[in-house]
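The structure appears right after this line, and notes come after that.
The values are calculated or read from the model by the stated rules, or taken from the named source; none is laboratory data. Bear in mind the structure is a predicted one, so any value in this text is a computation, not a measurement. All Cβ positions, glycine included, derive from the backbone under ideal geometry; neighbour counts span all protein chains shown.
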Amino acid sequence: MPHDALTLSPHTVEALFPFHFLLGCDDEQIVSVGLGLRELLPEDYSSLALDQLFEIIRPRNDGLTVSIIKQHLRCSFILKMKQSNIMLRGQFLVTMENTVLFIGSIVVSASNSLDKYGLSLKMFAPFDLTPDIVIMHKFREIELADRQKRSERLSEMSRSHDELNVHANTDELTNVPNRRGFWRKGESVLKKLRGNEPAKLLLALMDLDNFKLINDHFGHETGDDVLREFAARLAQVVGSKGLVGRLGGDEFVVMTESIDRHDLHGTAIQILNAVNRPFTRENLQLPLRASMGVVEVCATDTMESAIHHADVAMYEGRANGCGGIFWYSDEFSKSVQDKAEMMVRLEKAIESNSIEPHFQPIIDLATSDLVGFEALARWNDGERGMVRPDIFIGLAEELGLLIELDMAILTKTLDQLSLWHGHGKMYCVHVNVSAASIQQTLIERVSDELQRRAIDPKHLILELTETTIIENTDLVREVIKGLSAHGIKVQLDDFGTGYSSLSHIRDLPVSGIKIDRSFVGDTDGKARKVLHSVVNMALDLDLDIVAEGIEEEEQLVFLKNIRCKYAQGFYIGKPGTADVCEQLFPQLIKLAA
Amino acid sequence: MYGMVNRAIEDLVVSSAGVEVWNEVRQAADVEPDGFLDSASYDDDVTYRLVAAASKVLQQPAEDILRAFGRHWILYTGKEGWASVFDLGGDNMVDFINGLDNMHARVQIALPDAQMPQFSVVECDGYLELTYRSIRTGFAPMVLGLLDGLAEQFDESWDIEHVVEKTETQDDIFHLRNSKQTGQIDEADAA
C-alpha cells in the first residue's frame, strides 16, 4: 500500500463527495456515482461511455480517457455534462481497485437556484461552498436593494430639505427672499466680492412712505397688492445681476452689482424711479413714494454692517424729510455716531438737571423799564462747550424727554424768579412750552410750582408756538383755558412765521403774541406796514405784544414809535445767567432810556 | 432581528388588512414610517412591539398573529423573496425540516448577526418530534405557522401539536403526524 494511500469506505465517499463518480480503468465505464451527481446524469448512465456523458473542458485535450486522466492526476478538471450542459470541477484519484475516482462539485452561476438542477442541500458535502454562494448572492441582492432604498430615502430627505429651505427662505407674499433668505444669499455675494475687488456693490434699504396710509384707507388686500408690485418692480429693475429681499412689513432690500461708482448712483436712481411710479388697479391709482438708504458695500463689510449702514442712512434721511435716496458715507457715519453719543450725554444732563435757563431781558418800550426775561434752555456739554438749542432740543424730542426738559427749565426759572421777587424785583418770566408738555396735567403742575414758591401766577407767561397749537387745537384750547383760570398767561410765540392764523388769536384765550425776529429785522416798507398793522391789531384786541430779535437801535425806535409794548433782542441784552443779567441791569436801563 | 422579519410582518398586515391598518399598527408600536431595511439588524423589541400592536389593532390574540406570520413567512416571504434559497431546503416537509439546521448554518455566514433558531427532528413511532431551540421566547406560535406553511407549500397534510412549552430547562417540542398516512392506516384498519 503506497505511503500516501487512504482508505475510505463507499459509505464515507458517498457522504463526503455527493458529486463523485468511480471509473473502471480497463473498460472506462462508470462504476458508481454520488447522490448529487445521480440527480444530474441520465438514468441509463451506466450503459453509456464516458465520452457520451462528459466533455473535457480542462485540461485542454481531445478526449476524456483514463490514460489522459492518469497523465493529469495533479490537475483540476472541468467536465461538461453533455446532456445538461452542467459543469463539474474536481480532481481524479487512482484507487487500489484499478479505478479512478472523480471528486468534485458542480459549477453554478451564483444567481442560479440549485433547484433547477433538482438539487437540495442534502446533496452537498458540508464543505462544498456552492450553496453558500447561492445564499450569499441572494443576500447581496437584498443588500443592494436596501442600498437603493437608503439612497432613495436620502434623495427624498434632501428634496424635502431643499423644499423646506426654499419655504423658510422665501417671503410667501411677494415670493422674493425673506430676511433669512436674503441674508444667506447676500453673504454669498459678499464672499464673491472679496475675491473680486474692482466690482462695486450697492445695498439699498427702502420702505414706502405712505404704506400705512394705503393699508388704513384701502385695506390690507390692497396693501398686499402694493407690496407684491413693489417687489416685482425691484426684481425687474435689478434683474439677474441683483438680489431683492423683503425684510418685513414694507421694508425691502436690494443688493446689486455695478461697474463703477457712477453706475452705482445711476442704479440707485433707477431703483427709486421704478418704485416711485403710481400703483394702478382698476379705478384706483395710488402714488407710491419710497425712502431709500443706500450704501456702497466694501469687501470688509458684513451683511450686518451693510444693512445697518443702509438703515442708518434711510432713518436719518427720513428724519430730514421723506422720500428720496440717502447715501451712507463715513462722514455721515461719524455724524450719526456723534449724534448717538450726544444723545447719551443729553439724557444724562437732563437726568442730572444740569441744563440751565439763561435769561434774555424784555423791556417796556414806553417806559424803558426792564419788565422781565425770557428763559432760554442752555446746555453746556462739558469739554464740547455750549450746544445750540435747536440741536439739543431736537435730540430731546427724539429721546422723548421734552416734557422733562420743559419742566426742568420751568422749575429753575421759577426758583430764580422767586429770588428776584424776594429782592423786590417783580419781574415776569417767559417760559417756552413744547407740544409734548401740552397735557391737562400741565395746569396743575405749573400751578403747584407757583404756589410752592408763592409766586403770583401773573408773573409767569408760557409761550406756545403756532405749530404746537395746530397739532392738537382742542387740547391746547382746554389747557390754555385751564392755565388762564389759574391766572397764568399764555402767549403765541414766533407769530408771523408760520400760520399766523387770526383764528388762533380770536379763538384761543391767549394773553399776547410775540412777533418773530424775521419781521422785526425786515426793513422793507411793506414788511414794516405789516408789523405796524399787527401791533395795532394787538393793541385793539388788548393783547400784550412783544417784538423779539431787536439787534439795532433803529428797530427799537421804530417799534417804540408804532407803540409796540415790549421788546427783546441782542441790542437790549443777550441771554445770560441770572448773575450776568443782574450785572447788566444798569446798562439795560441806560440803553432803553 | 433582521429587518426582513419586521418587513414580513408589515407585508402580512398590509396584505390582510390594508395600509391604513398597518399605519395604525406602526404608530401603536412607535415605529418610524420609513419602513424596514431587510439587511439591517433591529432590536428584537421592535418585533415584539409590532406583534403586540397588531394584536391590539386587529383585536386578535398575539399567538394567532404569530401563527399567521409564520405561515406568511413560508408561503410569501420565503417562497417569493428567498425562492433561490428556499428551494435548497428540499421538495418535501421532512427533508426541509431535517435540512433546516444545515440551511441556517449556511445562512449564518451571510447574516453573521442573526440569532437563528435550531430545529432537530427525531423520527418516533408514527410521528416526528421536532425540538425548537431559540434564545427568544414567545415565538412557538410562529413555529406552528411555519409548519402550517410548509405543509401547504409541499401540499402535504400534517397534524401539528405543540406538546411541550418552553421553560428555563426545557425547549419547545412539537409532534407532527402525517394525516394522510394516518388516514391510510385507519382505512387499512377498517378494511
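A few notes on this one:
- Of all residues making up segment A:1-43, the number that are closer than 21 Å to A:Leu129 by Cβ and surrounded by fewer than 14 Cβ atoms within 10 Å (Cβ to Cβ): 1
Table: residues versus (1) part of a helix (DSSP H, G or I); (2) within 30 Å of B:Ile109 (Cα to Cα); (3) assigned by TED's automatic domain parsing to the domain that holds A:Asp26; (4) at pLDDT below 90.
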position: A:Ser46; (1), (2), (3), (4): yes, no, yes, yes
position: A:Gly63; (1), (2), (3), (4): no, no, yes, yes
position: A:Ile78; (1), (2), (3), (4): no, yes, yes, no
position: A:Gly90; (1), (2), (3), (4): no, yes, yes, no
position: A:Ser109; (1), (2), (3), (4): no, yes, yes, yes
position: A:Leu119; (1), (2), (3), (4): no, yes, yes, yes
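- Residue among A:Ser155, A:Ser188, A:Ser151 that alone is closer than 26 Å to A:Ser258 by Cβ and either hydroxyl-bearing (Ser, Thr, Tyr) or part of a strand (DSSP E or B) (or both): A:Ser188
- Verdict on A:His358 being in a helix (DSSP H, G or I) and surrounded by 12 or more Cβ atoms within 10 Å (Cβ to Cβ): no
- Taken over segment B:60-77, residues that are closer than 20 Å to B:Tyr2 by Cβ, of a type outside the set (A, V, I, L, M) and away from chain A (no Cβ under 14 Å) amount to 6.
- Considering (1) in contact with a Gly (Cβ under 6 Å, 6 or more places away or on another chain); (2) surrounded by fewer than 21 Cβ atoms within 10 Å (Cβ to Cβ), the lone condition that A:Val253 does not fulfil carries the number (2).
- The helices (runs of 4 or more DSSP H) found wholly in segment B:78-174 and carrying at least 1 residues that are more than 14 Å from chain A (Cβ to nearest Cβ) and small (Gly, Ala, Ser) occupy B:140-153.
- Count of segment A:18-65 residues which are over 18 Å from A:Gly118 (Cβ atoms) and among the hydrophobic types (A, V, I, L, M, F, W, C): 12
- Filter result for A:Ile103 (surrounded by 12 or more Cβ atoms within 10 Å (Cβ to Cβ) and under 18 Å from B:Trp82 (Cα atoms)): no
- Any hit, segment A:356-372, residues being within 24 Å of the chain's Cα centre (by Cα) and aromatic (Phe, Trp, Tyr): no
- Restricting segment A:120-163 to residues that are under 19 Å from B:Asp38 (Cβ atoms) and among the aliphatic types (A, V, I, L, M) leaves a set whose member that is farthest from the other protein chains (Cβ to nearest Cβ) is A:Leu154.
Here's the yes/no breakdown for (1) within 30 Å of A:Arg233 (Cα to Cα); (2) in contact (Cβ under 8 Å) with a residue 60 or more places away in the chain; (3) touching a strand residue (DSSP E or B) at 6+ places or on another chain (Cβ under 7 Å):
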{"residue": "A:Pro126", "(1), (2), (3)": "no, no, no"}
{"residue": "A:Pro131", "(1), (2), (3)": "no, no, no"}
{"residue": "A:His137", "(1), (2), (3)": "no, no, no"}
{"residue": "A:His167", "(1), (2), (3)": "yes, no, no"}
{"residue": "A:Arg184", "(1), (2), (3)": "yes, no, no"}
{"residue": "A:Glu187", "(1), (2), (3)": "yes, yes, no"}
{"residue": "A:Lys192", "(1), (2), (3)": "yes, no, no"}
{"residue": "A:Leu202", "(1), (2), (3)": "yes, yes, yes"}
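- Unmet requirement for A:His309, which otherwise passes all of (1) under 30 Å from A:His430 (Cβ atoms); (2) touching a residue at least 24 places away in the same chain (Cβ under 8 Å); (3) not assigned by TED's automatic domain parsing to the domain that holds A:Leu559; (4) not β-branched (Val, Ile, Thr): (1)
- Residues that are within 15 Å of the chain's Cα centre (by Cα) and modelled with pLDDT of 85 or more number at least 1 in the following strands (runs of 3 or more DSSP E) confined to segment A:194-313: A:200-208, A:242-248, A:251-258, A:290-297.
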